[in-house]
Amino acid sequence: MSWLRLPSNVLHDQKKIASFPVSVVHGHHLLPTFAVVGVTAGLIAADEQDTPYFRRTTTFQSFNRAFSGTNTSLVIALVPTSLYAMGLLRKDSYEQKTALLAGEAVADSLILSTVLKVSTLRLRPSDIPPQGDFSDSFFLRRNAITSGSFPSGHTIAAFSVATIFAERYSKHRWVPWVAYATAATIGFSRVTLQAHFPSDVFLGAALGYSVSRFAVLGH
């Protein structure tokens, strides 16, 4: 793993990601696929019940200021960047490789999320009037199509980084807990900020984990 190999690694990962539906058709990975699809579908059905609450409540104002989209993007970017800098200073190739793998995972995840956003054109909760129809949100976005809601870009990136750290430093029991708790908090903030539906966040988390675990770390 190196900077020079990073582009080719991302292309290799994208080939694996794109071929995944074919493997499912051939009968592979059926149980986890059906589980993710089923939970996502259930959450989509529940969006019209749970999303209006987060539109009305003022409970999360302080939380939202702390976990704004800008702040969480900085956290996602700074964690691997800081680890890479530490690896250079300490001449620790394992830390450097972990940071590069996290960067690869984020690139893979954001490419995948962009494809899905363009394909589904889902409105964000904030695009829908407070008394609007939260059950009708797909294929309605007409401008800035890459900033659609399904899935959550912040969440898929956060969980892709979290999974790299959790797997690479699994011998430190606290690392997976901190990594996944931080990613989950970022995901929850996307709901309280009305940037995403819970279904967007769940799918983003599942995809971020899967991309890192099976595409990036799989090779």
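Coordinate-derived values only; no laboratory data. Model, not experiment: these values are computed from the prediction. Cβ: placed from backbone, ideal geometry, glycine included. Neighbour counts: every protein chain shown.
If Lys and Arg each add +1 and Asp and Glu each add -1, what is the summed charge of the other residues whose beta carbon sits under 11 Å from the beta carbon of residue 194?
Net of charged neighbours comes to +3.
Normalise the Cα radius of gyration of the chain by 2.2 N^0.38 Å (N = residues in it) and let me know the number.
1.04
Under a Cβ-only charge scheme (Lys and Arg +1, Asp and Glu -1), can you give me the dipole magnitude of the stretch 1-152 about the Cα centre, in debye to the nearest 20?
Roughly 360 debye for the stretch 1-152.
From the convex hull of the Cα coordinates of the stretch 125-219, what is the mean projected area in square nanometres?
Mean projected area for the stretch 125-219: 6.8 nm², to one decimal.
Where in the chain are the DSSP H helices whose C-alpha atoms run 24 Å or more along the long axis and whose mean Kyte hydropathy is at least -0.5?
6-25, 30-56, 69-90, 93-120, 174-192
How much FRET efficiency would the formula 1/(1 + (r/R0)^6) give for residue 25 and residue 177, where r is the Cβ-Cβ distance and R0 is 22 Å, rounded to 0.05?
So, using R0 = 22 Å, E works out to roughly 0.05.
For labels at residue 118 and residue 74 in the simple 7 Å Cα→Cβ model, what's the distance in nm?
If labels sit at residue 118 and residue 74, their model points lie 3.1 nm apart.
Sketch the reach of a paramagnetic label on residue 55 as a point 7 Å from Cα along Cα-to-Cβ, and name the residues of the stretch 152-195 whose backbone nitrogen lies under 16 Å away.
Answer for the stretch 152-195: 191-195.
Quote to one decimal, in nm, the extra length available between residue 185 and residue 86 on full extension: 0.36 nm per residue of separation minus the C-alpha distance between them.
Taking residue 185 through residue 86 to full extension adds about 33.1 nm, to one decimal.
In the chain, if the dipole is taken from +1 on Lys/Arg beta carbons and -1 on Asp/Glu beta carbons about the Cα centre, which of 70, 207, 96 is farthest to the positive end?
It is 96.
Within the stretch 164-219, which trypsin sites (Lys or Arg not before Pro) sit in a loop by DSSP and count at most 14 neighbouring Cβ atoms inside 10 Å?
Counting only loop positions with at most 14 other Cβ atoms within 10 Å, the trypsin sites (Lys or Arg not before Pro) in the stretch 164-219 are 171, 173.
If we sort 75-81, 61-67 on the protection proxy, mean other Cβ atoms within 10 Å, highest first, what's the order?
75-81, 61-67
Kindly flag which residue pairs out of 16/91; 15/117; 16/117 have an alpha-carbon separation exceeding 22 Å in this structure.
From the list (16/91; 15/117; 16/117), the Cα-Cα distance tops 22 Å for 16/91.
If you place +1 on the Cβ of every Lys and Arg, -1 on the Cβ of every Asp and Glu, and leave all else neutral, what size is the dipole of the stretch 61-219 about its Cα centre, to the nearest 20 Debye?
About 280 debye.
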